[in-house]
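Q: Would you mind keeping the following structure in view while I ask a few things?
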Amino acid sequence: GHEADRAELVKLKTAYETAMNTGNFTALKAGLDNDFTYTTILGNSIKSAAEFEAAYAAVQKVIGADKGGSYKVAINPAFGQSNFWKTASGDEFAFTRGTSDETVVTADADKAGAVVKKSNAFGSLWFATAHKDNGTWKLVHAYAMFSKNPFSDAQVAAFAASLQKAAAAAQTPATTTK
């Protein structure tokens, strides 16, 4: 009995994929609840559309997108197993889960200046909660964790540190010397 609701949740899934695969966050921003939070597979906490976009930009910098690096994700939701709940006060929530198939291609210049690309495929398990706001489903919280992690703990730690450094640099105004 929740076919229309599931169709709306598919729109949120598509908006997420579009944002992460292309950098276009327009549809995703419209689908985020005012109290939105997202815990990434690296344990980072994202609390707004602006933070989401900043994290995306940091990832693009770290993977060398300017040299041909890329990140792609395909979300595999279990919408048929979503749970829908209505509170006594009339608030409606949807709880769903699924997996994702993700590929990161890093690109960096070697000592001779040639671009070297490395591809890593991995997956994650995720859980999401949506809230119906004036008849429209909005993503309230999402949590993701590695399910197929090809990276060592040291690689994950180095990548997380690089993301934090890139995010901090993006928030610090550039200074110029005269």
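Q: Given the pairs Lys47/Lys72; Lys61/Lys118; Lys118/Lys165; Lys111/Lys165; Lys11/Lys47; Lys67/Lys117, which are separated by over 18 angstrom at their Cα positions?
A: With Cα atoms farther than 18 Å apart: Lys47/Lys72; Lys118/Lys165; Lys111/Lys165; Lys11/Lys47.
Q: Considering only protein heavy atoms and a 1.4 Å probe, what is the carbon-and-sulfur percentage of the accessible area of the chain?
A: Answer for the chain: carbon and sulfur cover 54 percent of the accessible area.
Q: Can you compute the FRET efficiency between Asp101 and Thr14 using 1/(1 + (r/R0)^6), with r the Cβ-Cβ distance and R0 = 22 Å? Round to the nearest 0.05. Let's see the in-between values first.
A: Values: r = 15 Å, r/R0 = 0.70.
About 0.90, to the nearest 0.05.
Q: Right, another one. Which one, Val115, Ser147, Ala169, projects farthest toward the positive side of the charge dipole computed for the chain from Cβ point charges (K/R +1, D/E -1)?
A: Sorting the options by dipole projection puts first Val115.
Q: Let me ask you something else. For the chain, what are Rg and Dmax over the alpha carbons, in angstrom?
A: 18.1, 67
Q: Also: Could you tell me which helices of the chain pass both thresholds, a Cα extent of 15 Å or more along their own axis and a mean Kyte-Doolittle hydropathy of at least 0.0, with helices taken as whole DSSP H runs?
A: The answer, listed by residue number, is 49-62, 153-171.
Q: Still on this structure: Quick one, can you get me the convex hull of the C-alpha atoms of region 105-151 expressed as volume per residue in Å³? Walk me through the numbers before you get to the answer.
A: Working: hull volume 5.3 nm³, N = 47.
Once divided by residue count, the hull of region 105-151 is 113 Å³.
Q: What is the extension gain from Ala157 to Trp85, computed as 0.36 nm multiplied by their sequence separation minus the C-alpha to C-alpha distance, in nm to one decimal?
A: Value of the extension gain: 22.2 nm.
Q: Okay, moving on. Leaving out ligands and nucleic acids, and using a 1.4 Å probe, what accessible area per residue does region 1-109 come to in Å²? Write down the numbers at each step before the final one.
A: Details: 5570 Å² over 109 residues.
Ligands and nucleic acids excluded, the result is 51 Å² per residue.
Q: Further question on the same structure: How large is Rg over Rh for region 60-140, taking Rg from the Cα atoms and Rh as the Kirkwood inverse mean of 1/r across Cα pairs?
A: In region 60-140, Rg relative to Rh is 1.25.
The values are calculated or read from the model by the stated rules, or taken from the named source; none is laboratory data. Predicted model only: the values in this text are computed from it and were never measured. Glycine also receives a Cβ, built like all others from the backbone with ideal geometry; neighbour counts cover every protein chain displayed. For the accessible areas, the whole protein counts, side chains as well, though only heavy atoms, and no ligand, DNA or RNA atoms are used. Shrake-Rupley method; radii C 1.70, N 1.55, O 1.52, S 1.80 Å.
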